[in-house]
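Written below as structure tokens is the structure these notes are about.
The values are calculated or read from the model by the stated rules, or taken from the named source; none is laboratory data. Every value quoted in this text rests on a predicted model; they were computed, and no experiment measured them. Note that each Cβ is placed from the backbone with ideal geometry, even for glycine, and that neighbours are counted across all protein chains shown.
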Amino acid sequence: MLIVHVHVRVKPECVETFKRVTIANARESLKEPGIAKFDAVQQQDDPTRFVLVEAYRTPEAPAAHKETRHYQAWRDAVAPMMAEPRASVKFVNVFPDDQDW
């Protein structure tokens with residue numbers, strides 16, 4: 001299991017639009033066979049900061065995700081909303097193990 005945290009900071013005037021297009025992307029992403037979990041969370045004390053928590057079932061799943069129409073639409077829509085470039089951190093799960101997903 002590969003877990004990716006994507007850290008995003010958007011322009012203040014783009015927060016609501018970013019949330020709307022990110023939720024649409026997350027809903028479609030959950031339909032992908034390679035995605036076990038896709039969460040979007042907003043920082044409580046700074047509403048311009050988000051973390052996307054993506055859990056992939058296989059090492060190939062992130063590349064497949066980036067080939068989908070919904071991801072590409074999201075990527076293009078949010079590009080002008082960014083206050084700074086997105087950054088990602090990759091993790092492997094310790095608990096629960098793969099059988100629990």
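Just a few scattered comments:
- Exactly one residue among T17, T48, T68, T22 is at pLDDT 95 or above, touching a Pro at 6+ places or on another chain (Cβ under 9 Å) and surrounded by 13 or more Cβ atoms within 10 Å (Cβ to Cβ), and that residue is T48.
- For segment 1-26, a residue qualifies if it is among the polar types (S, T, N, Q) and either under 26 Å from P59 (Cα atoms) or touching a Lys or Arg at 6+ places or on another chain (Cβ under 8 Å) (or both), and the qualifying residues are T22, N25.
- Any chance A77 is surrounded by 15 or more Cβ atoms within 10 Å (Cβ to Cβ) and either within 11 Å of the chain's Cα centre (by Cα) or among the small types (G, A, S) (or both): yes
- Residue match in segment 57-65 (condition: farther than 21 Å from P96 by Cα, polar (S, T, N, Q) and either in contact with a Phe, Trp or Tyr (Cβ under 6 Å, 6 or more places away or on another chain) or surrounded by fewer than 17 Cβ atoms within 10 Å (Cβ to Cβ) (or both)): no
- Taken together, the residues in segment 25-45 that are surrounded by 14 or more Cβ atoms within 10 Å (Cβ to Cβ) and out of contact with any Phe, Trp or Tyr (no Cβ under 7 Å at 6 or more places or on another chain) amount to 4.
- Segment 1-80 holds strands (runs of 3 or more DSSP E) entirely within its bounds, and those carrying 3 or more residues that are in contact with a Ser or Thr (Cβ under 6 Å, 6 or more places away or on another chain) and touching a residue at least 12 places away in the same chain (Cβ under 8 Å) map to 2-9, 35-42.
Yes/no per residue for (1) in contact with a helix residue (DSSP H, G or I) (Cβ under 8 Å, 6 or more places away or on another chain); (2) of a type in the set (F, W, Y):
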{"residue": "H5", "(1), (2)": "no, no"}
{"residue": "R20", "(1), (2)": "no, no"}
{"residue": "E28", "(1), (2)": "yes, no"}
{"residue": "I35", "(1), (2)": "yes, no"}
{"residue": "L52", "(1), (2)": "yes, no"}
{"residue": "Y56", "(1), (2)": "yes, yes"}
{"residue": "E67", "(1), (2)": "no, no"}
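- Residue list for segment 81-101, filter: within 28 Å of E16 (Cα to Cα) and either surrounded by 10 or more Cβ atoms within 10 Å (Cβ to Cβ) or modelled with pLDDT under 95 (or both): M81, M82, A83, E84, R86, A87, S88, V89, K90
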